[in-house]
1. Can you give me the relative contact order of chain B as a percent, contacts being Cα pairs under 8 Å and 6 or more apart?
2. Per residue of B:94-104, how many C-beta atoms from partner chains lie within 10 Å of its own C-beta, taken as a mean?
3. If the label for A:R4 sits 7 angstrom from Cα along the Cα-to-Cβ line, what are its distances to the same label in every other copy, in nm to one decimal, shortest first?
4. Is the shape of chain B rounded, prolate or oblate, going by the alpha carbon gyration tensor and its root eigenvalues a ≥ b ≥ c, with a/c under 1.5 for rounded and a/b larger than b/c for prolate?
5. Of B:F244, B:L201, A:P266, which is farthest along the charge dipole of the protein assembly as shown in the positive direction, counting Lys and Arg as +1 and Asp and Glu as -1 at C-beta?
6. Relative to the longest principal axis of chain A, what angle (0 to 90°, nearest 10) does the C-alpha long axis of helix A:191-206 take?
7. Nothing charged except the Cβ atoms of Lys and Arg (+1) and of Asp and Glu (-1): what's the magnitude of the dipole of the protein assembly as shown about its Cα centre? Round to the nearest 20 debye.
8. Return A:F274, B:F183 ranked ascending by Cβ neighbour count within 10 Å, so the fewest neighbours appear first.
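A short reminder: the numbers here are calculations on the coordinates, not readings from a lab. Every value quoted in this text rests on a predicted model; they were computed, and no experiment measured them. Cβ sites come from the backbone with ideal geometry, for glycine too, and all protein chains shown count toward neighbours.
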Number of protein chains: 2
Amino acid sequence: MKNRLPTLAEVADVAGVSRMTASRALNNQPGVSRAVREEILRIAAKLGYTVNRTAQKLSGGKSRIIGLVAIRMQNPFTAEVITGAVRTARTAGYEMLVYSLVEGVEPQPSVTHLLEHIADGVIAVLPYSGRYLKSLAAASVPVITVEDGIEPLDFPSIGCDNYRGARAAVEHLADLGHRRIGFITGHESLSSARERRRGYLDVLSERRLPRDDSLIAEGDYTQRGGFDAARKLLSLSRRPTAIFAANDDAAMGVLSAAQKLQVRVPEELSIVGFDDSPQAAQVHPAITTVRQPMQEMGGSAVNMLLAMMAGIEPASPVTTFPTELVVRGSTAPPSGPPAKRSKSSRAARTER
Amino acid sequence: MKNRLPTLAEVADVAGVSRMTASRALNNQPGVSRAVREEILRIAAKLGYTVNRTAQKLSGGKSRIIGLVAIRMQNPFTAEVITGAVRTARTAGYEMLVYSLVEGVEPQPSVTHLLEHIADGVIAVLPYSGRYLKSLAAASVPVITVEDGIEPLDFPSIGCDNYRGARAAVEHLADLGHRRIGFITGHESLSSARERRRGYLDVLSERRLPRDDSLIAEGDYTQRGGFDAARKLLSLSRRPTAIFAANDDAAMGVLSAAQKLQVRVPEELSIVGFDDSPQAAQVHPAITTVRQPMQEMGGSAVNMLLAMMAGIEPASPVTTFPTELVVRGSTAPPSGPPAKRSKSSRAARTER
DNA sequence: GTGAAAGCGCTAACAT
DNA sequence: ATGTTAGCGCTTTCAC
């Protein structure tokens, strides 16, 4: 623990060359003879030398580090994005460092300064709010945001098609024959939440399904929020036969609530979520959901960042990934006494 | 994005002082008149200046950054430890940066070099295997490990009392009157898993409960592993009336399996987990578990690291936190036809 | 191919 | 109370 880490100078000394030669050899740059280069590499390995990337950055070079800020890195969406980003970054020879904001702990005035000093580029997985946007736009290194919702802003960002995803979810339920479809909202301050709600409402009116505001319950993208909202919906005198939750965490809360209230899923209640988080596939019944390719989105963020670092601005600031409905055990045609099935249930069968 | 970040020199220039004076003012060091100090602070704020902590570190000072390496930062144990660590670090004026290893992606030869170059100390949340231990022991900055299992090694580490925790879990089931208690193991390469198993076996023999190897199923601390193991246990001709899973993820897998096989919990099957992960409280029924204070453990790691950075070695290398049984809905006395209740169920009542 | 000089942003140590 | 010098580990630029 008191050991100093080996430096370039030490490697150079042992090899009997200048630091520049050692630097070139270790960075795969031309201008070093084969023999000398190999000798240097051997010595570096023996000494356990690793370049100090912050010194590299300080001296005007690249650190080959990508920074990532996230607000709650354990939430499934963020975690998956990070995993995808780490994978792609490492493959490209970059390391990745995460700066995690924790609720209730005041961060730096600028959430990116720390990473800007260290990294060559920054990925922000943050709710796309004005609070953070300013510091992102003024950054000294390329920044790209990954969000499950994208405002049409002039800022490089990656997201998914929330509106169509939500439509697919509700259409699936309608196709199955459901007519009373509840909705649990996300954080309405997020555009993803507003888009998903819009998708829900549009399908309702297109299919001429009754729009009943009591079927819309406030959620906040958390499991607990989904649980509470579902309790409300399930205690209505005419309760919904299906619930579309704005994300998988909330959908899992719905499932818990149903189990607690002894409402059988999917027989008495169908549930659809959004995200395709790993957890959603693990519960029983597994949750039908709208998949967004979170790992790919993280990987794509890295690739775009790499391009931006090379001076290539993205063709379009906003990159939208398509979503895909994943049908699992939590959805089925309605079957309780209140449901009247007719041609709608036949439609379901043809579609699937 | 092309903006350079303001530097100390700029602040000093605007204030018309030397860089040293600016540095002293910004770091709350003595030797600056009140008036000058306030002026410098004002200017720094206006310019949006933030100190470059890597330059601070490079120049021989402290970066006031704590690094944390973790192997899968989204697993509940790690995530909770990180949250606790971030909270404590920020409170102490430190920033925290996470280096996340991802399965299937080869990391640097030394997993800590990168962080050692940046941080003043490193917290490792890694399986305590020889693979990583070497680089930790040889680090250039203080390192402490947080693990759900601790080998008795001469290395600063924080863990919990897995053996007693496991005992409490199994005793709880025995007290309730269960006699056929299954166990789903963790990764047997981890000492936490071996300790929990030992606790299980010891209680079995102390209580003179039948030891039946078919009641022990291999798990790996994952939900999927718990699911598969539970399927095996639940398809035995004489299946257990209770299952103790080596952690909460596995316990949630057991719950899924039970629900899939229409085995009612807790009426026909009691389930106990380990960790008290947030998720375990959110499912239905909520899972009885052995709580280990993960956030506190993370915070404690930061505090000990801070002390070590100040030259104070921990009194004992190993810090063990106590565990606590948290009884929730997933456990109840056995009641199915196979169970014969007698004095054991009475014992349960007296104890609880 | 190889090396010397200068400097990135900052702070100890030593001035004044 | 304030400034100067030197140097952290590295890379750029410009020699040879």
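1. RCO, chain B: 17 percent.
2. Other-chain Cβ atoms within 10 Å of each residue's Cβ, averaged: 6.
3. Distances between equivalent label points, in nm: 3.0.
4. prolate
5. A:P266
6. So the helix axis and the longest Cα principal axis differ by about 30 degrees.
7. Computed charge dipole of the protein assembly as shown: roughly 1200 debye.
8. B:F183, A:F274
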